[in-house]
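Q: Here's a structure for you.
FYI, it's all coordinate maths here, none of it is from the lab. This is a predicted model, so every value here is computed, not measured. Positions of Cβ are backbone-derived with ideal geometry, glycine not excepted, and every protein chain shown enters the neighbour counts.
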Ligand SMILES: [Zn+2]
């Protein structure tokens, strides 16, 4: 039996949370504060997901960080039953979804995420889900959504 503890960290060749490796590290710093954020291009105004350092629309590199809504709606979902990514084999089955975040006057943003505290059968398109930060247990953080409303 192979022990996969630590394997995902080993595969993180250029740690995205490290300021020496990437300008996206702010995304993870914000996650540690419980904030889901992304970048907005100051040149053309596009809201970018995932956060970027160069705008794919106009090639500008002048970005501001912006907070995203803490709740969204399920746009599509499925369940991971087999073939989970390395390090997640023991978590199956789990739900993954495209979640729609309403940005008001800006176009809605769709992000791909894991959704906790539900099953494929119990979740429906249009259901509300809530952002949650996740401590990866090895010093890193990431995010998921949950089907359980916050207290
Ligand atoms: Zn732009």
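Q: Tell me, in nm to one decimal, what length is gained between residue 26 and residue 90 on full extension, where the rule is 0.36 nm per residue of separation less the Cα-Cα distance? Mind dumping the intermediate values first?
A: Details: separation 64, 0.36 × 64 = 23.04 nm, distance 2.99 nm.
Once the chain is fully extended between residue 26 and residue 90, it gains 20.1 nm.
Q: Over what distance in Å are the Cα centres of segment 41-74 and segment 81-151 separated?
A: Segment 41-74 and segment 81-151 have Cα centres separated by 20 Å.
Q: Taking a ≥ b ≥ c as the square roots of the eigenvalues of the Cα gyration tensor of segment 90-150, is the shape rounded (a/c under 1.5), prolate (a/b larger than b/c) or oblate? Display every interim value, and only then the final one.
A: Values: a/c = 2.13, a/b = 1.26, b/c = 1.69.
Here segment 90-150 falls in the oblate category.
Q: At 0.36 nm per residue, and after removing the present C-alpha to C-alpha distance, how many nm does the segment from residue 33 to residue 136 gain when stretched out fully? Working shown, then result.
A: Values: separation 103, 0.36 × 103 = 37.08 nm, distance 1.48 nm.
Result for the pair: 35.6 nm of gain on full extension.
Q: What shape does the chain have by the C-alpha gyration tensor, where a ≥ b ≥ c are the square roots of the eigenvalues, rounded means a/c under 1.5, and otherwise prolate means a/b greater than b/c and oblate the rest? Present the calculation step by step, with values, prior to reporting the outcome.
A: Numbers: a/c = 2.01, a/b = 1.19, b/c = 1.69.
In terms of gyration-tensor shape, oblate.
Q: Label-point separation (nm) for residue 127 and residue 42, each offset 7 Å from Cα along Cα-to-Cβ?
A: 4.1 nm
Q: Counting pairs of alpha carbon atoms under 8 Å apart in space and at least six apart in sequence, what relative contact order in percent does the chain give? Mind showing how you got there, number by number?
A: Numbers: 287 pairs, mean separation 28.7, N = 151.
Here the relative contact order equals 19 percent.
Q: Could I ask something else about it? Order by neighbour count: 24, 125, fewest other Cβ atoms within 10 Å first, most last. Kindly include the intermediate steps, with their values, before the conclusion.
A: On the way: 24 16, 125 12.
Lowest count first: 125, 24.
Q: Give the shape of segment 54-129 as rounded, prolate or oblate, defined through the alpha-carbon gyration tensor: a ≥ b ≥ c are the square roots of its eigenvalues, a/c under 1.5 means rounded, and otherwise the shape is prolate if a/b is larger than b/c and oblate if not.
A: The shape class here is oblate.
Q: Using R₀ = 41 Å, calculate the FRET efficiency as 1/(1 + (r/R₀)^6) where r is the Cβ-Cβ separation of residue 149 and residue 107; round to 0.05. All intermediate terms of the calculation are to be shown ahead of the outcome.
A: Details: r = 26 Å, r/R0 = 0.63.
Efficiency, rounded to the nearest 0.05: 0.95.
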